[in-house]
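Participant: Structure below; questions to follow.
The values are calculated or read from the model by the stated rules, or taken from the named source; none is laboratory data. Nothing here was measured: the structure is a model prediction, and the numbers come from that model. Please note: Cβ atoms are built from the backbone with ideal geometry, for glycine as well, and neighbour counts cover all protein chains shown. Accessible surface is based on the protein model in full, side chains and every heavy atom, while ligands, DNA and RNA are left aside. Shrake-Rupley method; radii C 1.70, N 1.55, O 1.52, S 1.80 Å.
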2 protein chains.
Amino acid sequence: MLCVASESVRSRILAAGQRITPQRDLIAGVLEAAEAPLGAQELLDAVALRDAGIGRATVFRTLQSLQDAGVVQHVPLPGDQGGYLLCPTSGHHHHLVCQRCGRVEDLLEDEVALFVGAVARDHGFDIDHAGLELSGHCSGCR
Amino acid sequence: MLCVASESVRSRILAAGQRITPQRDLIAGVLEAAEAPLGAQELLDAVALRDAGIGRATVFRTLQSLQDAGVVQHVPLPGDQGGYLLCPTSGHHHHLVCQRCGRVEDLLEDEVALFVGAVARDHGFDIDHAGLELSGHCSGCR
DNA sequence: GCGCTTCTGATACCTGGTATCATCTGCTTC
DNA sequence: GAAGCAGATGATACCAGGTATCAGAAGCGC
């Protein structure tokens, strides 16, 4: 596992006005190679495994930068602290996570919009923020 | 503000096989009197204000007990760490929070079930857990 | 009132995350 | 290719939220 970020990830980092450094490359690469969202400790460990010289401040700062760049999202998972996920698509969206294999699917914009619209109508709210995280078992894992 | 839990809260604590102690009474009372979800620090402060002898371990332990009893829910709020909320209705449900006045409404079971069902169908998942937290501005605050 | 069980408070610890600051380095300009 | 600077880095200390442990206190059924 080389753990170097793909061209598309790099170009999204550059597009956000941020520099490509070996550390960011490595951290983004680790996230890209991960099959499931990585928790903070898992990510720190995985990064340390590949380059013990990278400090924890750098890891968290890089996560913040990658979130700002829309490359990474923090997904709250049931029970624990949640994890960091490298998203192939930009922009805020929501996830459906398989608790067994860790597979992540993006929810469809339409179904989310329909639900949020119905809630807004029923309760008379203007909804600014929707945090929707669903988890269960995918077709292969049930 | 007496900050003593109502009868209905007490009976729900008892129904969960837990004891009523002055500390639990006070903590439940503080949550019951709060208009908006209380963050950990706010809650610790509010409890200390009324009885400085109550330790932080007791507060967190009591929150855990109250959550187990279905009396309290932890609601993740956008941006920050979320807060603790005393729910008038038992059982797992979801919330709609006004970011301005802190008012909380429960989402209707039907609208949630409809959404979760649609997602399950579209993605071929069995959905075990849905974390839905919506926030915005209520009719009075926009 | 007795005794079991649960609860409490103090304290130390853990995890996730941020702040600070001196040093280093990627990138632009020439 | 070298210079300069803004931005990135690593070390470290710190913070908040939460848990573990343990001796002692208190609730409640008998």
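Participant: Roll a 1.4 Å probe over the protein chains and send me the accessible area per residue for chain A in Å².
Facilitator: Numbers: 7320 Å² over 142 residues.
Normalised by residue count, the accessible surface of chain A is 52 Å².
Participant: A further question follows. What distance in nm separates the simple spin-label points at B:THR21 and A:HIS93, each placed 7 Å from Cα in the Cβ direction?
Facilitator: Distance between the two pseudo-spin positions: 4.9 nm.
Participant: Restricting to Cα pairs below 8 Å that are 6+ residues apart, what does the relative contact order work out to for region A:92-142? Please round to a whole percent. Please report the intermediate quantities before stating the final value.
Facilitator: Details: 48 pairs, mean separation 25.2, N = 51.
Relative contact order for region A:92-142 comes out at 49 percent.
Participant: How far is the Cα center of region B:94-142 from the Cα center of region B:1-70, in Å?
Facilitator: 26 Å
Participant: What's the average, rounded to a whole number, of partner chain beta-carbon atoms within 10 Å of each residue's beta-carbon in A:134-140?
Facilitator: Values: counts 12, 6, 10, 5, 4, 4, 1.
Rounded to a whole number, the mean comes out at 6.
Participant: Taking springs between alpha-carbon atoms closer than 10 angstrom, which of A:VAL72, A:VAL30, A:VAL112 fluctuates most in the Gaussian network model of chain A?
Facilitator: A:VAL112
Participant: Given label points at 7 Å from Cα along Cα→Cβ, what nm distances, shortest first, separate B:ARG100 from the same residue in every other copy?
Facilitator: Those label-point separations list as 4.8 nm.
Participant: Another question, if that's okay. Using +1 at the C-beta of Lys and Arg and -1 at the C-beta of Asp and Glu, which of A:ALA69, A:ALA5, A:GLY39 has the Cα lying farthest in the positive direction of the dipole of chain A?
Facilitator: Working it through, the farthest residue towards the positive pole turns out to be A:ALA5.
Participant: A further question on this structure: Can you bin chain B into rounded, prolate or oblate? Criterion: square roots of the alpha carbon gyration tensor eigenvalues sorted a ≥ b ≥ c, rounded for a/c under 1.5, prolate for a/b above b/c, oblate for the rest.
Facilitator: Cα axes put chain B in the prolate bin.
Participant: For the protein assembly as shown, what does the alpha-carbon gyration tensor say about shape, rounded, prolate or oblate, given a ≥ b ≥ c as the root eigenvalues, a/c under 1.5 as rounded, and a/b over b/c as prolate? Intermediate values should be presented prior to the final figure.
Facilitator: Working: a/c = 2.02, a/b = 1.56, b/c = 1.30.
Because a/c hits 1.5 or more and a/b exceeds b/c, the protein assembly as shown counts as prolate.
Participant: Something else now. When the helix-only estimate is applied to the protein assembly as shown (DSSP H runs of n ≥ 4, each -39,500 (n - 2.57), divided by the residue count), what is the mean residue ellipticity at 222 nm, nearest 500 deg cm²/dmol?
Facilitator: Numbers: 10 runs with 120 residues, N = 284.
Result for the protein assembly as shown, helices only: -13000 deg cm²/dmol.
Participant: Positive end of the dipole of chain A, charges at C-beta (+1 Lys, Arg; -1 Asp, Glu), about the Cα centre: which of A:VAL119, A:GLY102, A:HIS129 has its Cα farthest in that direction?
Facilitator: Checked the options; the winner is A:GLY102.
Participant: Something else: Taking chain A as a Gaussian network, where each spring joins two C-alpha atoms under 10 Å apart, which residue of A:GLN73, A:GLN81, A:GLN64 fluctuates the most?
Facilitator: A:GLN81
Participant: In whole percent, how big is the carbon plus sulfur part of the accessible area of chain B, probe 1.4 Å, protein atoms only?
Facilitator: Numbers: 3780 of 7320 Å².
With neighbouring chains kept in place, the figure for chain B is 52 percent.
Participant: Please work out which residue of chain B brings its Cβ closest to the axis of the rotation superposing B onto A, and round that distance to whole Å.
Facilitator: So the closest residue, with its distance, comes out as B:PHE115, 2.
Participant: Which distances in nm, rounded to one decimal and ordered from shortest, link the label point of B:LEU49 to the equivalent label points in the other identical copies, with labels set 7 Å from Cα toward Cβ?
Facilitator: Taking the point 7 Å beyond Cα along Cα→Cβ, the inter-copy spacings are 4.8 nm.
Participant: Using a Gaussian network for chain B with springs between C-alpha atoms less than 10 Å apart, which of these wobbles most: B:HIS129, B:HIS74, B:HIS95?
Facilitator: Of B:HIS129, B:HIS74, B:HIS95, the Gaussian network model singles out B:HIS129 as fluctuating most.
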